[in-house]
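Here the structure is laid out as structure tokens; the discussion comes afterwards.
The values are calculated or read from the model by the stated rules, or taken from the named source; none is laboratory data. Not measured: the values here are computed from a predicted model. Virtual Cβ from ideal backbone geometry, glycine too; neighbours counted across all protein chains shown.
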Amino acid sequence: MDPIVVENVTFSYNRETPVLKNVSLRVQKGEWAAVVGHNGSGKSTLAKCLNGLLEPESGRVLTCGMDTMDKSTIMTLRRRAGMVFQHPDNQIVAPTVADDIAFGLENAGVPYEEMKERVKESISRLRLDGLEEQEPHRLSGGQKQRVALAGIKALQPEVIILDEATSMLDPAGRSEVRKMMRELCREEGMTIVAITHDLEEAAEADRLFVMAGGKILEDGPPAAIFQKRELLLEAGLALPLPVYLAHELREAGVAVDTGVTSEKELVSALCGLKQNT
Ligand SMILES: Nc1ncnc2c1ncn2[C@@H]1O[C@H](COP(=O)(O)OP(=O)(O)O)[C@@H](O)[C@H]1O
Ligand SMILES: [Mg+2]
């Protein structure tokens, strides 16, 4: 069964105006899915539904095979599907990096020896070696988000949900956290649900879900979604610069492939043109 299954979910905060309107989506095991949309489109609400922080008014959410409404499995569900939030400071719970990473394991009642082992492994996986005894508050934004990811990784989850986890970071922090997301997905086979309004980050995903006004307008691989400028306009999203350039060049009569998703792909598409002429 797919680790994320959302079926016809409707949700409102005030029991009047729905913020999620009949949302359905599935994310496969090992897939990197990006949910993209403008501010207020319902992304964070959806994220909170995925791990049972919010309950659907109608429809259902099955995360790692467990119904988010089922109180008897909710703690297990939250260990299987960890969540990283936007503000790195709000996630710090302990005075040192190592204690912070161990916190979830302690709560889960993992025996001391195994806990030490898992913390060590998580620290090295997230490249936090040497920072074990540091105060998390003193770290950079990117390092703080890596500590948050390490705490989740230590719980050996199946899914990691990131709600705008890179949006408060500087470009260096953003790229280090993205690299870790890539490694956790591509090397460790974890399923990633990354919520973002940054289409450049989303370009790395396997699949994009475009949200607007509480609905999923469309889903598909980034290259296919980026072809749909009208759709992105409707969702209030700006194309990544290299994709925008490819479209503009094409319109100006340059026979460049508009299916590019990154600067690197645009460069090689342009170099290919040069060799062909
Ligand atoms: N706790 C809340 N109480 C009432 N309304 C909320 C709450 N959180 C979000 N909303 C409203 O729900 C809509 C979707 O918000 P949100 O899910 O945070 O969108 P996004 O994460 O895409 O910016 C917005 O109109 C927002 O104002
Ligand atoms: Mg949000």
(Q) Going residue by residue through the stretch 86-103, is there one that turns out to be on the phi < 0 side of the Ramachandran plot, charged (D, E, K, R), in contact with a Lys or Arg (Cβ under 9 Å, 6 or more places away or on another chain) and part of a loop (DSSP other than H, G, I, E, B)? (A) no
Q. Looking at the stretch 225-276, which of its residues are at pLDDT 90 or above, closer than 23 Å to Gly40 by Cβ and assigned to a helix (DSSP H, G or I)?
A. Ile225, Phe226, Glu230, Leu231, Leu232, Leu233, Glu234
Q: Name, by its number, the condition in (1) more than 16 Å from the chain's Cα centre (by Cα); (2) within 30 Å of Cys271 (Cα to Cα); (3) surrounded by fewer than 23 Cβ atoms within 10 Å (Cβ to Cβ) that does not hold for Val243.
A: (3)
**Q.** Matching residues, the stretch 51-105, being more than 24 Å from Gly214 (Cβ to Cβ), loosely packed, with under 15 Cβ neighbours inside 10 Å and among the acidic types (Asp, Glu)
**A.** Asp70, Asp89
Q: Note down all Cβ pairs under 7 Å where the first residue falls in the stretch 10-26 and is under 15 Å from Ser41 (Cβ atoms) and at pLDDT 95 or above, the second is in a loop (DSSP other than H, G, I, E, B) and hydrophobic (A, V, I, L, M, F, W, C), and they're at least six residues apart or on different chains.
A: Phe11/Val19; Phe11/Leu54; Ser12/Val19; Tyr13/Val19
Q. For the stretch 1-32, how many residues meet the condition of being in a strand (DSSP E or B) and within 16 Å of ligand 2 (Cβ to nearest atom)?
A. 3
Q.
Condition (residue is out of contact with any Cys (no Cβ under 6 Å at 6 or more places or on another chain), within 16 Å of ligand 2 (Cβ to nearest atom) and in contact (Cβ under 8 Å) with a residue 60 or more places away in the chain) applied to the stretch 53-71: is it met by at least one residue?
A. no
Q: From (1) within 14 Å of the chain's Cα centre (by Cα); (2) farther than 26 Å from Glu114 by Cα; (3) part of a helix (DSSP H, G or I), pick out the condition that doesn't hold for Cys185.
A: (2)
Q | Of the criteria (1) touching a helix residue (DSSP H, G or I) at 6+ places or on another chain (Cβ under 7 Å); (2) more than 16 Å from ligand 1 (Cβ to nearest atom), which one Gly37 fails | A | (2)
Q. Of the residues Lys48, Lys29, which single one is surrounded by fewer than 23 Cβ atoms within 10 Å (Cβ to Cβ) and closer than 24 Å to Asn14 by Cβ?
A. Lys48
Q | Which numbered condition Ala194 misses (of (1) modelled with pLDDT of 95 or more; (2) out of contact with any Phe, Trp or Tyr (no Cβ under 8 Å at 6 or more places or on another chain)) | A | (2)
**Q.** So Arg78, is it away from ligand 2 (no atom under 14 Å from the Cβ), in contact (Cβ under 8 Å) with a residue 24 or more places away in the chain and assigned to a helix (DSSP H, G or I)
**A.** yes
Q) Residue check: is Glu117 farther than 30 Å from Arg26 by Cα, of a type in the set (Asp, Glu) and touching a residue at least 24 places away in the same chain (Cβ under 8 Å)? A) no
Q | Residue identified as under 21 Å from the mean Cα position of the chain (by Cα) and buried (at least 16 other Cβ atoms within 10 Å of the Cβ) among Leu249, Leu232, Leu266, Leu270 | A | Leu232
(Q) Residues to consider are Ala235, Ala203; find the one that is in contact with a strand residue (DSSP E or B) (Cβ under 6 Å, 6 or more places away or on another chain), farther than 25 Å from Gly65 by Cα and among the aliphatic types (A, V, I, L, M). (A) Ala235
